[in-house]
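The values are calculated or read from the model by the stated rules, or taken from the named source; none is laboratory data. What you see is a predicted model, and the numbers here were worked out from it, not measured in a lab. Cβ placement follows ideal geometry from the backbone for every residue including glycine, while neighbour counts extend to all protein chains displayed.
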There are 2 protein chains.
Amino acid sequence: MKKMDPFKLLVSQEEAERILLENCIPVQSTETVPVSQSLGRVLAENLKADRFVPPFDRSAMDGYAVVAEDTFAASNEDVFLALDGVIHAGEVSDKAVSSGRCLQIATGSPLPEGADAVVMVEYTERQGEQILITKPVYPGANVSRKGEDIKEGDMVLSRGSHLTPARIGTLAALGRTTVEVYARPRVVVIPTGKEVVSPGNPLQPGQIYDVNSFTLEAVLSSHGANVERHPVVIDEQAELESAILEALESDMVVLSGGSSVGEKDLLAGILEGLGEVLFHGVQIKPGKPTLFGVVKKTPVIGMPGYPTSCLSNAYVFLVPAIRKMARLPEQVERTVSTKLSKRVVSSSGRRQFLTVRIEDGFAHPVYKHSGAITSMAQADGYIILPVNLDVIEENEEVTVTLLE
Amino acid sequence: MKKMDPFKLLVSQEEAERILLENCIPVQSTETVPVSQSLGRVLAENLKADRFVPPFDRSAMDGYAVVAEDTFAASNEDVFLALDGVIHAGEVSDKAVSSGRCLQIATGSPLPEGADAVVMVEYTERQGEQILITKPVYPGANVSRKGEDIKEGDMVLSRGSHLTPARIGTLAALGRTTVEVYARPRVVVIPTGKEVVSPGNPLQPGQIYDVNSFTLEAVLSSHGANVERHPVVIDEQAELESAILEALESDMVVLSGGSSVGEKDLLAGILEGLGEVLFHGVQIKPGKPTLFGVVKKTPVIGMPGYPTSCLSNAYVFLVPAIRKMARLPEQVERTVSTKLSKRVVSSSGRRQFLTVRIEDGFAHPVYKHSGAITSMAQADGYIILPVNLDVIEENEEVTVTLLE
């Protein structure tokens, strides 16, 4: 066994993040998708309004379309207007409103010619064909002006906008059925290891099931990636090399497994041969044995083999990286504040992620060890113990970042 | 025009939420999905482990499998062990370790018979076929015990668990390829209104595009629903009634549009005829004209017609309702704290949702009016002005709930 000094490129978490993000380039390719399927996508066009919304002056209330001036006296004396007819919703009236007269109008209906305001039905009283107005209105009252929401020529949404429900609504308001969005970055996830077997196959002695490609797929796909799970690759030079080379046409390659120093060395050697290793090991717990390189401009990340280390580092490193590639806004995590159920001690000298379950108003540490997927499966979230913090006391208030 | 008093069932936001949730029953039906597509779903089975994870005692480190007792003297004197061979990852050794001897072992490999600990390679030195041990280990050191993560028979995940990446990893660790989950509640969204036209069709005078069914679909589908967008229905008794009756086989019916008092009355009347109206109008701004009833046990919700009112109320009312039906945990919203860019005044006497854009460290109010979809499309989130609060001063710290 050769002398192992694999972590010569050990970096801080901040440095690792910086290097990683620097080498993750936002996707350039675009595609056209139906508006109804564009939630969460990123707009790849500048959306200039080709029409007015609303397309006409319309009543904002149920009531009577009037000439506002006719109503000015209504606070002092009885004002009666002659009713000339009804405009139902969706109807365009060919009648005009002239002084002393009015038309009944429904919310959303185009304001008839001559009228410049609407009196709400609540401030009227019908007396046969005469309408008593009980409150004056100013010109423009209860009217939505043509283009009040969007004016023709307005730059309504610009390239790079994250498509929220409201922005999808804006596309619909302009009559759009499809929209140009950036493609989702394609990520190939390659589980590795001689002892690793895909679920669905029987386990032979000494074998375990592949966990990491499933957790990585879940995390990456919920942050904008199209993930392809590659079959398990045994960690031998030739097999790893050919799997990586084949995956380079994607936007990112993530290898998982190879938790042993020897395996990491192997992968590091391959990356050095094919491209460049940019860091190898991070001062973080769990998840120290994380490897990052670039081969032919494609970022290649070697994740720790232990399921909890792998998943924890996916949240820490892969989420910001893939979001940058997908052009999604930086993630704002969901957090809750609660008390810690018992004293915890950090002795790692690395920044530590401690998984907790939230129950009865307390955060209960559930971290077992980095090999146990249940360390995370039983957790609702995690708290962070900074490098320079050794102890959090029982009952101390902590911020829990929720896992999702 | 008949006398309108539609809001006789006006309720507070809290009361509306209570009534709505009371009448939204969690789905009962289940379905089998591939584990790799189960993210965000809700487990409909009790997951009892049918095996141990790991399935054998294994090395947690690269190093040497030893009899721990052999190493106890290593802090005081040189301890040499005879090297009997190598166990690579994924290999099961047929060799046993006896006192005075050792086997080189890779992380993850099954611990050979006779060995009860692993000395990390960092605390050894190879001298020919002899291994110098420089640090003692206790029995069990650097060994992951069989079942340390999961024991056969453990209840690993219980029915109702929300499938996070880590829980998907647990399913994979147990070799599962499919999983039983609760069905997504089916929601039929029916846009209504004589003046409302589906995007993709030309607008005639007096017509506007359907916005609400798109925003509702986006919100509902991102909180666990399978949404069917119904074609636009004109708001006439017969058409509305038949559309509702046809949709009752779903788990929830949401109508959007009908912003006028007359239209809301019409819908309320239909619901009263077919079932029961439980509230009609909420003390909230925007979004007062929200209607809720139950027809043959199916909740039917009439949303405000104005796009911003509709969408805002979708966040407030539909999200908790559909999450309850989908058996998803209560939403924890993403929030950021920031300063308000200018003084805002609430004069509504209702709880008010004020949309804001976050820029340069300030929350800038962007709310125009409830008819303008851009009131929300240009927003990053909203702040809440409670009923009893009239003013928030410029530069005051506010909590912005992010829209997503």
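In the range A:64-81, which residue that is in contact with a helix residue (DSSP H, G or I) (Cβ under 8 Å, 6 or more places away or on another chain) and at pLDDT 95 or above is nearest to A:Ala225 (Cα to Cα)? For the range A:64-81, the residue satisfying everything is A:Tyr64.
The set of residues in the range A:315-357 that are more than 24 Å from A:Ser222 (Cβ to Cβ) and within 13 Å of chain B (Cβ to nearest Cβ) comprises A:Ser337, A:Thr338. Here the strands (runs of 3 or more DSSP E) wholly within the range A:342-394 that include at least 1 residues being within 32 Å of the chain's Cα centre (by Cα) and among the acidic types (Asp, Glu) are A:351-359. The residues listed here are B:Thr192, B:Thr215, B:Thr178; of these, the one that is of a type in the set (Ser, Thr, Tyr), within 30 Å of A:Cys310 (Cβ to Cβ) and touching a residue at least 40 places away in the same chain (Cβ under 8 Å) is B:Thr178.
Residue count for the range B:358-404, restricted to those that are crowded, with 17+ Cβ neighbours inside 10 Å, of a type outside the set (A, V, I, L, M), within 13 Å of chain A (Cβ to nearest Cβ) and touching a strand residue (DSSP E or B) at 6+ places or on another chain (Cβ under 7 Å): 9. All of A:Glu249, A:Glu241 fail the test of being in a helix (DSSP H, G or I) and charged (D, E, K, R), apart from A:Glu241. Considering the range A:86-96, the residues that are farther than 21 Å from B:Gly305 by Cα and either surrounded by 24 or more Cβ atoms within 10 Å (Cβ to Cβ) or within 12 Å of chain B (Cβ to nearest Cβ) (or both) include one that is farthest from the chain's Cα centre (by Cα), namely A:Asp94. When restricted to residues that are within 12 Å of chain A (Cβ to nearest Cβ) and touching a residue at least 40 places away in the same chain (Cβ under 8 Å), the range B:101-121 contains 12. Between A:Asp78, A:Asp62, A:Asp50, the distinction of being within 42 Å of the chain's Cα centre (by Cα), surrounded by fewer than 16 Cβ atoms within 10 Å (Cβ to Cβ) and acidic (Asp, Glu) belongs to A:Asp50 only.
Looking only at the range B:151-167, filter to residues that are of a type outside the set (A, V, I, L, M) and at the interface with chain A (Cβ under 7 Å from one of its Cβ atoms); which one of those is nearest to the chain's Cα centre (by Cα)? Before you say what the answer is, go through the steps one by one.
Residues of the range B:151-167 that are of a type outside the set (A, V, I, L, M), as a first pass: B:151-154, B:158-162, B:164-165, B:167.
Applying the additional criterion that residues be at the interface with chain A (Cβ under 7 Å from one of its Cβ atoms) yields B:164-165, B:167.
On the way: B:Thr164: 9, B:Pro165: 12, B:Arg167: 13 Å.
Here the residue is B:Thr164.
Could you look through the range B:320-352, keep only residues that are at pLDDT below 95 and in contact with a His (Cβ under 9 Å, 6 or more places away or on another chain), and pick out the one that is surrounded by the most Cβ atoms within 10 Å (Cβ to Cβ)? Only one residue tops the list, namely B:Leu340. The number of residues in the range A:123-150 being within 11 Å of another protein chain (Cβ to nearest Cβ), outside any strand (DSSP E or B) and either without any contact (Cβ under 8 Å) to a residue 12 or more places away in the chain or of a type in the set (Gly, Ala, Ser) (or both) comes to 1. A:Phe362 meets all of the listed conditions (1) aromatic (Phe, Trp, Tyr); (2) under 30 Å from A:Val277 (Cα atoms); (3) outside the structural domain of A:Ile19 (by TED's automatic domain parsing) but one, namely (2).
Among the residues of the range B:65-75, the one identified as of a type in the set (Ser, Thr, Tyr) and surrounded by fewer than 22 Cβ atoms within 10 Å (Cβ to Cβ) is B:Ser75. Scan the range B:220-236 and give yes if some residue there is farther than 29 Å from B:Ile383 by Cα, more than 14 Å from every other protein chain (Cβ to nearest Cβ) and of a type in the set (A, V, I, L, M), otherwise no. Among the residues of the range B:220-236, not one is farther than 29 Å from B:Ile383 by Cα, more than 14 Å from every other protein chain (Cβ to nearest Cβ) and of a type in the set (A, V, I, L, M), which makes the answer no. Scanning the range B:168-198 for residues that are facing chain A (nearest Cβ under 7 Å) and farther than 30 Å from B:Ser158 by Cβ returns B:Gly193, B:Lys194, B:Glu195. If you go through the range B:33-66 and keep only what is away from chain A (no Cβ under 14 Å) and part of a strand (DSSP E or B), you end up with just B:Val66.
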